[in-house]
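Participant: Structure incoming, see below.
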Ligand code: SF4
């Protein structure tokens, strides 16, 4: 359920941007990796990033792309070679299998190209809403809303909405946020969620929202 107007949410996002700039808080991993504008690399790096720290994902992505800079070469790698390249990302065996299946699917069903439409992206093995929308926004530069666990948590803490899952947050916001802000939501709130509005003990005492944030669901804070 949406509880704040899209304008209020947009204002909050602008305040987050100012806070990140003032404190020199870096952009999240996918942006740091320099793969924006390259749908193939955004897709593979996003698969690697699931349940994995940014730095581990960045190093694994670099190793994998140095062995397989394009789809053809990725498809020629064995599952074992992919495992070796991406270790120690979380669930590296499953991810190696998924990457192999994605490469096969792209070659056999999509003319060797990453699709630029949500339904086709969602048809790829291991690709859910979050990954698909990150490919659309960071890979293709589209106005796509990527809701991950940080985006979902922070918007609920703000009291902007009340939702039970990241997918529900996506469905609640996707049709109402202005297109110009949609692709900025994820990088802003991932950085903010990693540096200040942490999952367990958010750093409320040094946050610019301290006075007007209802801190919904926050049990312990610093
Ligand atoms: S005041 Fe606390 S809960 Fe609210 S946005 Fe800031 S860090 Fe998060």
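Derivation of every value follows stated rules applied to the coordinates shown; laboratory data play no part. If you're wondering where the values come from, they're calculated on a predicted model, not measured in any experiment. Positions of Cβ are generated from backbone atoms using ideal geometry, with glycine treated the same way; all protein chains shown enter the neighbour counts.
Participant: Modelled label-to-label distance, residue 181 and residue 221, 7 Å Cα→beta-carbon offset: nm?
Facilitator: Once both label points are built, they end up 2.1 nm from each other.
Participant: Using just the helices of the chain, give the 222 nm mean residue ellipticity in deg cm²/dmol: DSSP H runs with n ≥ 4 each add -39,500 (n - 2.57), and the total is spread over all residues, rounded to 500.
Facilitator: Taken over the chain, the calculation gives -17000 deg cm²/dmol.
Participant: Okay, next question. If we count other beta carbons within 10 Å of each Cβ, what is the order of 93, 41, fewest first?
Facilitator: Arranged by neighbour count, lowest to highest, 93, 41 become 93, 41.
Participant: Here is a further query. Where is the GNM fluctuation largest for the chain (alpha-carbon springs, 10 angstrom cutoff): 200, 121, 188?
Facilitator: For the chain, modelled as a Gaussian network with Cα springs under 10 Å, the answer is 200.
Participant: Let me ask another. Would you mind checking the tilt of helix 39-49 against the longest principal axis of the Cα atoms of the chain, expressed as 0 to 90 degrees and rounded to 10?
Facilitator: So the inclination is approximately 70 degrees.
Participant: Going by how many other beta carbons lie within 10 Å of each one, how would you line up 150, 110, fewest first?
Facilitator: In order of increasing Cβ crowding within 10 Å: 110, 150.
Participant: Which of the three applies to region 74-177, rounded, prolate or oblate, going by the alpha-carbon gyration tensor with a ≥ b ≥ c and a/c under 1.5 meaning rounded?
Facilitator: Because a/c hits 1.5 or more and a/b fails to exceed b/c, region 74-177 counts as oblate.
Participant: Which of rounded, prolate or oblate describes the chain when judged by the alpha-carbon gyration tensor and an a/c cut-off of 1.5?
Facilitator: Here the chain falls in the prolate category.
Participant: On C-alpha positions alone, give me the angle between the axis of helix 54-67 and the longest principal axis of the chain, in degrees, nearest 10.
Facilitator: Once rounded, the angle reads 20 degrees.
Participant: Could you let me know the centre-to-centre spacing of region 138-173 and region 19-72, using Cα atoms, in angstrom?
Facilitator: The distance from the Cα centre of region 138-173 to that of region 19-72 comes to 20 Å.
Participant: Test of understanding: ordering 130, 100 by Cβ neighbours within 10 Å, fewest first, what list do you get?
Facilitator: 100, 130
Participant: FRET efficiency for residue 76 and residue 31, Cβ-Cβ distance as r, R0 = 30 Å, nearest 0.05?
Facilitator: 0.55
Participant: Mind checking the angle between helix 149-158 and the chain's longest principal axis? C-alpha axes, 0 to 90 degrees, to the nearest 10.
Facilitator: With both axes taken from Cα atoms, the answer is about 10 degrees.
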